[in-house]
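Take a look at the structure below.
Every number here is computed from the coordinates shown, using simple stated rules; none is lab data. As the structure is a computational prediction, the values presented were derived from the model and not from experiment. Glycine also receives a Cβ, built like all others from the backbone with ideal geometry; neighbour counts cover every protein chain displayed.
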Amino acid sequence: MDDIKIKLSIEFSITESDLEDGLAEYDELSVDSLIAQILDKSIAVDAVDCKVVTGPNNLEEVDELRAASNAG
C-alpha cells in the first residue's frame, strides 16, 4: 500500500507563560516544529508538514503581540 496522507486543522489555546516556557525549553523552537516533533515521536510518521496559520509561531512573535497589546 502507498503512503496515506492525512491533512487536519488544529486550534488550541494556551496561556502566554506556558507557551513561553514550552518554547524557551528548546533553543530556536517554533510552534509548528514543536507540533511536528510531538507527532513524529508519538506515531513515528514519515513526514510532517505543520504550519501556523494564525497566532504566534515563536517567542519573537509572542513579544510582538505583547508590545502591540501594551501600546494599544
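A few remarks follow.
- For the peptides 55-66, 15-26, the ranking by mean Cβ contacts within 10 Å, running from highest to lowest, is 55-66, 15-26.
- Placing a label point 7 Å from the Cα of residue 54 along the Cα-to-Cβ direction, the residues of the range 1-30 with a backbone N closer than 19 Å are 8-16.
- P(r) tail fraction, the chain - alpha-carbon pairs more than 19 Å apart, %: 42 percent
- Only helices enter the 222 nm calculation for the chain: every DSSP H run of n ≥ 4 contributes -39,500 (n - 2.57), and dividing by all residues gives -15000 deg cm²/dmol, rounded to 500.
- Rounded to the nearest 20, the size of the Cβ-charge dipole of the chain about its Cα centre is 320 debye, with Lys and Arg at +1 and Asp and Glu at -1.
- Relative protection proxy for 43-54, 2-13, from highest mean packing down: 43-54, 2-13 (other beta-carbon atoms within 10 angstrom).
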